[in-house]
Amino acid sequence: MAHATPLIALMTDFGTAGWYAACMKAVILTICPRVRLVDLTHEIPPQDVLAGAFALAAAAPWFPPKTVFACVVDPGVGTARPLIAAQADRQVFVGPDNGVFSLIFQRAKQLSLVRLTNPRYWLAEISATFHGRDIIAPVAAHLACGCPLQRLGVWRTRYHTLKLPPLQRTATTLQGCVLHTDPFGNLITNLPASVMSSAHWQVRYKHRPVRVVSSYAEGRSGQLVALVGSAGYLELAIPNGSAAKRYRAKRGDGVELCPISHDDEE
Amino acid sequence: MAHATPLIALMTDFGTAGWYAACMKAVILTICPRVRLVDLTHEIPPQDVLAGAFALAAAAPWFPPKTVFACVVDPGVGTARPLIAAQADRQVFVGPDNGVFSLIFQRAKQLSLVRLTNPRYWLAEISATFHGRDIIAPVAAHLACGCPLQRLGVWRTRYHTLKLPPLQRTATTLQGCVLHTDPFGNLITNLPASVMSSAHWQVRYKHRPVRVVSSYAEGRSGQLVALVGSAGYLELAIPNGSAAKRYRAKRGDGVELCPISHDDEE
Amino acid sequence: MAHATPLIALMTDFGTAGWYAACMKAVILTICPRVRLVDLTHEIPPQDVLAGAFALAAAAPWFPPKTVFACVVDPGVGTARPLIAAQADRQVFVGPDNGVFSLIFQRAKQLSLVRLTNPRYWLAEISATFHGRDIIAPVAAHLACGCPLQRLGVWRTRYHTLKLPPLQRTATTLQGCVLHTDPFGNLITNLPASVMSSAHWQVRYKHRPVRVVSSYAEGRSGQLVALVGSAGYLELAIPNGSAAKRYRAKRGDGVELCPISHDDEE
């Protein structure tokens, strides 16, 4: 059954000065005229799959069930990298299998995934350089209009996961690093939620302790805090400010976890 | 009765590089799937309430009756500053009570205003830093879907008005200043329409007389003119050009009114 | 008969920091509340008619039949330059007759064109500086809602064509130039498709031969290729890269065609 109000969210690295994002919308509206379109953002830094993955993981949970996310951050366009469509819990994702979806897929309770192989749901002519318009947009439109996943290609179980730098363990500490600065100046690290919940840790950044909170609601304006963010990783953030600017942060900056002894606690 | 085609216009200082505006839209579409969304702009300079107030006052009159404006220019997020919803004449406004609506409210013939106190119309969990998504977006969605204002909170009569620098009076002149340069290079002053209509004035800026017109239609391309703008204040503008660039204008620049004697006139 | 899902695409040079584009949408939604709005782009360089013409020619073919394109790149606003509406094949175009539509009109098989003269379909008050809001937006809205072209004004057959620099012929070569760098770094030239199909040519740029392909699909990532682009002119492009950056290209750069002798060929 078709949805009452199909919704497609677009995330790309095209920017808005050109007409690439508009072409995707044009193709979508040709196939599924009643769809609602929302721009998640078109300003993912060019070909920065990691940034795309974090943006998608942060925003997708706020969208309604059945939303179709059409994602084009695709350094491999024109190569043999697969394109995929997946239902992850109650939402649908279409784009390249290059890790941009892996944060979403990893936390999904239910995941069905196909590799796009059926050209019946693509444009008639496929360019070498703009699969966003020629394949991803029409597939997203067909999905939004109610086309079942299995018609689009062949089932698949594996998917590409983001390669993150490994954590460093010493006798007394666990050493992670800043992976990504988001557009709001929050610092996303490679320290996963599972590590954070495994023990009581003191978080240190730039040789100073950082207060750990369980939600932004606990943070105070202007104060650096550490919390598990929507992507499932430890983030350093200044509510209402930019941690990146304040600390001149950059990818690779060390973030250290030290176990809290009972003496230290409280 | 619900509207035939509910419409929400969004104005924020989030920019479009991140996903904050998209999260607001996601929340709105979850609650009110058939709403139309229009971006007024997301590029209000960060936390510049004055700029937001002028943008809103300029754009709102062109929107249809019943449009709901969801506005997030909110330096006070996380503090006790109230959030409000108001019907001003035939349109509806939701956001912080920090002056961003005061130009709209001052010129409204009818104004009904509530402080948002009923969490039934908010998201279940409220963060300390993103009331735009957690409170303003869902309240706007409920209003667009037909929820009456009085269910959202408690009636209120006062609202925060923009604090503008006072006018300086001398024996023979009235001295105002440039408050704000809009994105088109127009210079908005603190000289209200009421002063302009109280007498015949000569307007002087940077030691030169400026021609006063009653609408842009009287202006000529490239010529500096003065007129009462859509926000209800005297503006200096160059039709088809940027007064800000031409005169290297900045906030605080003096704008002088001298009474026109009968000898001067015509 | 009105369309099932009327669609208006907007292309302007307003940028998104101000509220001009939003005002056009507000006017459109007041007249035709059920229309779908798509931003083609608002970042055409200010008053760059050539850039607007190329963007429109590249994007329009991907939009559905009956799409109405409301275009405001209008250095002549406030002068006597005519505004027009046209049906070109199965799509509709509204804007100034300054060449912004000429690439579209030139390739159309069927073209009907009126000069906008009937103020019944405009806003009640017309400013001297914002015809996009006062005339183009309301006319686009009426067209999208099913108003026939002939009600809007008087039939016309001529239209303004883009003035392009002439080609230079020597004894053995044909010399064109780069007209425009698009936002993706592709270089659009003044060499029309008709020239390209008239003989076998070798293309030379910056003293080097460039491989001629018939579609991007033949290009390889990172390799400069020449092809007839969507605007009907020879373009130099690097699939997945920026020819403009790689070659520090600028408007006026020479692009040379030399006939291929039988000895040279394959």
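Just so you know, all these numbers are worked out from the coordinates, no wet-lab data involved. Given the structure is predicted, the values throughout are model-derived calculations rather than measurements. With ideal geometry, Cβ positions are generated from the backbone for all residues, glycine too; neighbour counts draw on all protein chains shown.
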(message) If you fit an axis through the alpha-carbon atoms of helix B:49-59 and take the longest principal axis of the Cα set of chain B, what angle between them do you get, 0 to 90°, nearest 10?
(response) 90 degrees
(request) Would you calculate the volume per residue, in Å³, of the smallest convex hull containing every Cα atom of the protein assembly as shown? (result) 209 Å³
(request) Could you let me know the centre-to-centre spacing of the stretch A:33-91 and the stretch A:210-263, using Cα atoms, in angstrom? (result) 26 Å
(request) Considering the convex hull of the alpha carbon atoms of chain A, report its projected area averaged over all viewing directions, in nm², one decimal. (result) 15.7 nm²
(request) Treat the stretch C:158-215 as a sphere of radius equal to its Kirkwood radius over Cα pairs and apply Stokes-Einstein at 4 °C in a medium of 1.567 mPa s; give the translational diffusion coefficient in µm²/s, rounded to a whole number. (result) 98 µm²/s
(message) Under a Cβ-only charge scheme (Lys and Arg +1, Asp and Glu -1), can you give me the dipole magnitude of the stretch A:35-115 about the Cα centre, in debye to the nearest 20?
(response) 380 debye
(request) Quick one: compute a quarter of the convex hull surface over the Cα atoms of the stretch A:122-266 and quote it in nm². (result) 13.1 nm²
(request) Name every cysteine in chain A that ends up alone, with no second cysteine's Cβ under 4.7 Å, or say none. (result) A:23, A:71, A:147, A:177, A:258
(message) What translational diffusion coefficient, to the nearest whole µm²/s, does the stretch C:41-109 have by Stokes-Einstein, given a Kirkwood radius computed over alpha-carbon pairs, a temperature of 25 °C and 0.890 mPa s viscosity?
(response) 201 µm²/s
(request) Let me know the charge dipole size of the protein assembly as shown about its Cα centre in debye, to the nearest 20, where only the beta-carbon of Lys, Arg (+1) and Asp, Glu (-1) is charged. (result) 800 debye
(message) Please list, in order along the stretch A:234-251, the HN-Hα scalar couplings obtained from phi with the Karplus expression 6.51 cos²θ - 1.76 cosθ + 1.60 (θ = phi - 60°), rounded to whole Hz, x for Gly and Pro.
(response) 5, 10, 10, 8, 10, x, 6, x, 10, 5, 4, 6, 4, 9, 6, 6, 8, 3
(request) For chain B, calculate the relative contact order in percent as a whole number, restricting contacts to Cα pairs under 8 Å that are 6 or more residues apart. (result) 17 percent
(request) Mind pulling the per residue volume of the convex hull built on the Cα atoms of the stretch C:93-187? Å³ is fine. (result) 160 Å³
(message) From the Cα trace of the stretch A:1-142, what convex hull volume per residue do you get, rounded to a whole Å³?
(response) 104 Å³
(request) Could you tell me which of the pairs B:250/C:245; C:25/C:66; A:245/C:245; A:25/B:25; B:109/B:163; B:66/C:25 are separated by over 27 angstrom between their Cα atoms in the structure shown? (result) B:250/C:245; A:245/C:245
(message) One quarter of the convex hull surface, Cα atoms only: what value does that give for the stretch B:104-152 in nm²?
(response) 4.1 nm²
(request) Sorted from largest down, give the three principal axis spans of the alpha carbons of the stretch B:66-146, whole angstrom values. (result) 36, 27, 17
(message) Helix A:20-31 against the longest principal axis of chain A: what's the angle in degrees, Cα atoms only, rounded to the nearest 10?
(response) 50 degrees
(message) If I take every Cα pair under 8 Å that is 6 or more residues apart in the stretch C:149-240, average their sequence separation and divide by the length, what percent do I get for the relative contact order?
(response) 22 percent
(message) As a test of the formula, what do you get for chain C when each DSSP H run with n ≥ 4 contributes -39,500 (n - 2.57) and the sum is divided by the residue count, at 222 nm and rounded to the nearest 500 deg cm²/dmol?
(response) -4500 deg cm²/dmol
(request) Starting with the fewest neighbours, write out A:221, C:198, A:102 ranked by other beta-carbon atoms found within 10 Å of each beta-carbon. (result) C:198, A:221, A:102
(request) Between residue C:260 and residue A:208, with labels modelled 7 Å along Cα→Cβ, what's the label distance in nm to one decimal, could you check? (result) 6.6 nm
